[in-house]
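Everything below concerns the one structure shown next.
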Amino acid sequence: MEELKITTPLLMWAVVITAVLTVLGNMFIFFLPWPFSCNMNAGTLISTPGMELLGMPFVMSLVIALCMQIPSVRKYLTTSNMVLLYTTALAASAFANTNSPWREIYALMTARLGTAESVMTYVPEFVSPPREAAEVLIRGSGSVTAIPWSQFIPVMTWWFFMFAFFAGISVSLASIFRRQWMDVEMLPYPHVTVAYSTIVGSREVRSPKWTGRIAFVLGFIVGLSLELIRAGILFFPWFPDVYSWRSNTCGPGTHWITFPGTTWHYGLTKLTPVYALLILAPLHSLFSIVFWGIIYEVASAVATALGYYTGYADMGFCGKSWCGSNTPFADPPLAFGSVISGVMLGAFVMTIFHERHHIVMTLKMAFGGVKDTKVEAEEPISYRSAWIIFIVSFILLVALFTSTGMSVWASFVITLTGVVVWFTTSQLWARVGCSNEPGYNFGPFFAKMLLWPPTAYMLPVTSTDTSLAQFLIYEPVSHCPSSPWCSTFYATIGPYKMAKMMNVHPRSVFKLTSLSLIVAIFVACIMMILLPGVYGRGVTGAIWVGNIEFRINDMWNRPSPRPIADIAPWITGGFIFMVIMSFLHTRFLWMPDPLMSIIAWDWIGGLHGIWMAALICSIIKWLVLRIGGSRLYEEKAIPFAGGFMLGAALNALIAGIGAFIAYPR
């Protein structure tokens, strides 16, 4: 196993590359015009909510492909340096994408302009800046020196530590479970596999001996062509709308599929990189998504036939998922949104149960006097160090939240919720490269379950626990995979898997990941004030006047607009379903994976079109394996997917540059 020698010059390169990518990435996101900022940008290569593939590593692969054409540079593109470039790019992308540090979480930065004073009185000014400072962010000051930095520095400091302490939690958790997930269970991590394929392809495409050469080039051409067509539709009104993008499109890019008078609610995503990613997911996981989706449709049809959900069959496509009442997702007798919360709680409990031996082993090696030098020699850091980092980071984050006036218990619950949510969804990324948006179901449920009585609903704002805490439960604690906390966890697991695939020792990766994340967080905290402070709201769609009261009230309506006591049977049912099916699935491997029900039953499956994509990809992958076996899949399908994603990344850059030219701000 190769080990990347950590030297001062190497660390300096990591700092510089991460800082430059974070600056450029945030500038790109901030100024990118709509609709490109929504569904065609290099920061989030796949914009499907719940999937949100961070794009910077693929842009870096384009740079690698270009550098491979320069003989004097090519010799420096060693395997270890490839891991370095991937690690820095992923860290930068974690804090330079559509949702981090912009959009939803940024509402807290401008909240004093759009939120009632009765709410903001419980939010300290070192968390949300004073009104006059927030006004600068909206109107812009025109110069760096005109920004009231004295009012923003306390805010930037608090936000930096909010991100940095969770980065410590992420790095430690990834280090504790790295061996179990990557060496023992050998989870596939499709989002890392496709990045690995693009990096290898960028490096090896010149070699006629590489068996995946033609497939990689073909994938690149197909990916670039299909995405250029979509760019043409966005740019030119006269361009043929071959994807029906200008009509029958919901969210970032789902085609409506409706059959009048039926309960069918699954759409078809038009974002072609989704298919390149899902083709790398295990076939059993794809079939499981399809199976649980059929269960949803059959149950909905039966419930409607029995007289429930009157008018549901005649609802519009988006309403069948998004409407807050009279749908199988929102209301009894099915209440799939509530069931999902129970399923995810069960997934967390069962993951801990299945990993119990590994957890006990690491704790004994950390604090119990048990030593196994052979095991720890293959780890990034000792288990003692990993557990200490986790505990210290957790305590510091609780203390940080307590400093705002939140109770110690609320601060503890919010921190715990973030850990539980993203630890649970990481099991989904590991298998299919995506998850759901737990900020609309599991996150609020888990926090409310611990914070308030089960009969509580729509409590008035009377303290920081019922104002700031409730906003934080949504963002950054549980919203979506590209929000700051989740993207941090994403950026720590990814490099470990990449190092495993490239046969590089994880010890050096730990140091690079930690440093790169701290640099990315530091630079992002500057950029989130610098850019709007100079240019204002008028040149971007990345910020707006924040109203955190909306999110406070919305939290009470998730996963259902009623007290937890009223939906307890469905949450309990989801939990029992997950526990029983998890035991059965480990005993009978042919049974559908219950974890995939989260994707099949949540918005990502229906509203965002991933169920149909899983159906299509499962058929294609089955044919590939049936015709050519694993050899055809490994030598042709994986390089094709890598080339496809590289072509999509090139299109995102071309379209972004074109948008800046066509729609100057």
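Send over the per residue convex hull volume for segment 528-665, Cα only, as a whole number of Å³.
206
Determine the equivalent ellipsoid of segment 449-504 by diagonalising the alpha-carbon gyration tensor, then write out the semi-axes as square roots of 5 times the eigenvalues, largest first, rounded to whole Å.
Semi-axes, largest first: 37, 11, 7 Å.
Over segment 567-624, with the other protein chains present, what is the accessible area per residue in square angstrom, probe 1.4 angstrom?
Counting only protein heavy atoms, the per-residue value for segment 567-624 is 38 Å².
Kindly state, as a whole number, the per residue volume in cubic angstrom of the convex hull around the alpha carbon atoms of segment 36-151.
Cα-based convex hull of segment 36-151, divided per residue, equals 183 Å³.
Over all directions, what mean area does the Cα convex hull of segment 232-294 project, stated in square nanometres?
5.7
Using a Förster distance of 41 angstrom, determine the FRET efficiency expected from the C-beta separation of R626 and R131, and round it to 0.05.
With R0 = 41 Å, the Cβ-Cβ based efficiency is 0.05.
Please sort by residue number the trypsin sites (Lys or Arg not before Pro) in segment 316-423 whose DSSP state is loop and whose Cβ has at most 15 other Cβ atoms within 10 Å.
Loop-located and lightly packed - K371.
Would you calculate a helix-derived [θ] at 222 nm for the chain, using -39,500 (n - 2.57) for each DSSP H run of n ≥ 4 and dividing by the full residue count, to the nearest 500?
It lands at -20000 deg cm²/dmol.
Roughly speaking, what is the stretch gain from V298 to N326, that is 0.36 nm per residue apart minus the C-alpha to C-alpha distance, in nm to one decimal?
Stretched out fully, the V298 to N326 stretch lengthens by 8.4 nm.
Ignoring ligands, DNA and RNA, what percent of the 1.4 Å accessible area of segment 102-156 is carbon and sulfur?
Within segment 102-156, the accessible surface is 54 percent carbon and sulfur.
Which log10 I(q)/I(0) values, to two decimals, does segment 290-393 give at q = 0.10 Å⁻¹ under the Debye formula with one point per Cα?
Debye intensities relative to I(0), on a log10 scale: -0.54.
How big is D, in µm² s⁻¹, for segment 418-533 by Stokes-Einstein at 25 °C and 0.890 mPa s if Rh is the Kirkwood radius over C-alpha pairs?
150
Per residue, how much accessible surface does segment 188-322 expose to a 1.4 Å probe? Answer in Å², no decimals.
About 42 Å² of surface per residue is accessible.
Explain nothing, just the number: relative contact order of segment 93-180, from Cα pairs under 8 Å at least 6 residues apart, as a whole percent.
Answer for segment 93-180 is 23 percent.
With an 8 Å cut-off on Cα pairs and a minimum separation of 6 or more residues, tell me the relative contact order of the chain in percent.
34
Ignoring ligands, DNA and RNA, please state the percent of accessible area on segment 385-503 from carbon and sulfur, probe 1.4 Å.
Carbon-and-sulfur percentage of accessible area, whole number: 73.
Can you tell me the length gained on complete extension of the stretch M591 to R139, counting 0.36 nm per residue apart and subtracting the Cα distance?
157.0 nm
Give the Debye-formula value of log10 I(q)/I(0) at each listed q (0.22, 0.26 Å⁻¹), with one equal scatterer per alpha carbon of segment 281-330, two decimals each.
-0.80, -0.95
Given an 8 Å cut-off on Cα distances and at least 6 residues of separation, report the relative contact order of segment 54-143 as a percent.
Relative contact order comes out at 25 percent.
What GluC sites (Glu not before Pro) does segment 183-235 have in DSSP loop regions with at most 14 other beta carbons within 10 Å?
When the GluC sites (Glu not before Pro) of segment 183-235 are filtered for loop state and at most 14 Cβ neighbours within 10 Å, E185 remain.
Per residue and in Å³, how big is the convex hull formed by the alpha-carbon atoms of segment 319-361?
It comes to 64 Å³ per residue, whole-number rounded.
Quick one: with all protein chains in place, what share of the accessible area of segment 189-233 is carbon or sulfur, to the nearest percent (1.4 Å probe)?
Carbon and sulfur: 69 percent of the exposed surface of segment 189-233.
Please sort 386-396, 506-516 by packing, taking for each peptide the average over its residues of neighbouring beta carbons within 10 angstrom, highest first.
Descending packing order for the listed peptides: 506-516, 386-396.
Which of the lysines could a cross-linker span from K497 if the Cα-Cα distance has to be under 22 Å and same-chain partners fewer than 8 positions apart are dropped?
K497 reaches K5, K374, K511, K636.
Can you pull a Stokes-Einstein diffusion coefficient for the chain at 25 °C (0.890 mPa s), Rh from Kirkwood over Cα pairs, as a whole number of µm²/s?
Taking Rh from Cα pairs, D becomes 97 µm²/s.
The values are calculated or read from the model by the stated rules, or taken from the named source; none is laboratory data. Being a predicted model, the structure only gives us computed values, none of them experimental. We place every Cβ from the backbone using ideal geometry, glycine too, and count neighbours over all the protein chains shown. In case anyone asks, the SASA skips ligands and DNA or RNA and just uses the protein heavy atoms, side chains included. Shrake-Rupley method; radii C 1.70, N 1.55, O 1.52, S 1.80 Å.
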